[in-house]
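Here's the structure we're looking at; comments come further down.
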Amino acid sequence: MIEAFTFDFFRSAILAGLMASVICGIIGSYIYVRHMISVAGGISHAAFGGIGLGYLLGVDPLAGAFWFTLGIAALIWGLVERAKEHIDTLIGAFWAGGMAFGILCLSFTPGYTPDLFSYLFGNILLVTPGHLVMTALLGVFVMLLFFILYPVLQALAFDPEYAAISNLPVRSLHLLVLALIAVSVVVLIQVVGIILVIALLTLPAAIARPFSKTLKGMMIRATGISMLLTTGGIMFSWIFDIPSGSSIILLGVLVYFQVLGGTELAGYFGKKVTEG
């Protein structure tokens, strides 16, 4: 295992996983508390439409995904603000429509379109120096943003109605969060791919939730858990020669169910003791 660290691509993969974990821990915790998992899922799957459009236009597919997901995030924001009773239907439409649009664009793209598997399921071992820089910049921006706006975002996460009557810029902050989700999705595509990105955004937060009393504590714990999951998943993928994205997510699912089982068991025995 130690010999793996002698390779530049492996060290870059570990570094990318650690930096992506900062984004997952902070954004993912907010998504989890705010009950925006379906929204994040719709944006993440819609990113495939941007990748297909990028191939069709002859530009970098990730650049296409970046602008496309930002547009989808803005569109979701505008529609949700006007049709609150149809949120699930809207998200489902963007979820399926984005994937369908990407497939359609690819069908019109002349020649061979490579690396689609890596976009769908990720390959962190192929991360480029440019992607590392982009991930680092986004991680720093997310940390600074939540540090500065933490009290406001905390109020919005736990009590949106109170935040609204307190004259906080609820609609603008909601748009900002959706934009951050869109950008985070594009960054995480290289790590675990479009299909699994929603799991990496939510599993660390779900694991951290039972052990956290505050949103800030949840973000810190989720970041640490995500670091362990990404590093462990990369190592497992190296040892057993399996896809890195799948190993990261399966490790996260395993830990989540262990925590869930332990929480349920503790609650059961706590109830028995109370009844006794």
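Descriptive notes on the structure:
- Selected residue (criterion: surrounded by the most Cβ atoms within 10 Å (Cβ to Cβ)) from residues of region 91-118 that are touching a Phe, Trp or Tyr at 6+ places or on another chain (Cβ under 7 Å) and assigned to a helix (DSSP H, G or I): Gly102
- All conditions but one from (1) of a type outside the set (Asp, Glu); (2) more than 18 Å from Gly139 (Cα to Cα); (3) assigned to a helix (DSSP H, G or I) apply to Lys213; the one that does not is (3).
- Restricted to region 161-198, and to residues there that are small (Gly, Ala, Ser) and surrounded by fewer than 24 Cβ atoms within 10 Å (Cβ to Cβ), the residue that is farthest from the chain's Cα centre (by Cα) is Ser166.
- Pairing residues of region 136-150 that are surrounded by 12 or more Cβ atoms within 10 Å (Cβ to Cβ) with residues that are basic (Lys, Arg), at Cβ distances under 9 Å and at least 6 apart in sequence or on separate chains, gives Phe146/Lys216; Tyr150/Lys216.
- Qualifying residue in region 47-59 (condition: aromatic (Phe, Trp, Tyr), part of a helix (DSSP H, G or I) and farther than 27 Å from Ser237 by Cα): yes
- For region 97-127, the set of residues classified as hydroxyl-bearing (Ser, Thr, Tyr), more than 17 Å from Ser184 (Cβ to Cβ) and touching a residue at least 40 places away in the same chain (Cβ under 8 Å) consists of Thr109, Thr113, Ser118, listed by residue number.
FYI, it's all coordinate maths here, none of it is from the lab. From a predicted model like this one, the values you see are computed outputs, not experimental measurements. Positions of Cβ are generated from backbone atoms using ideal geometry, with glycine treated the same way; all protein chains shown enter the neighbour counts.
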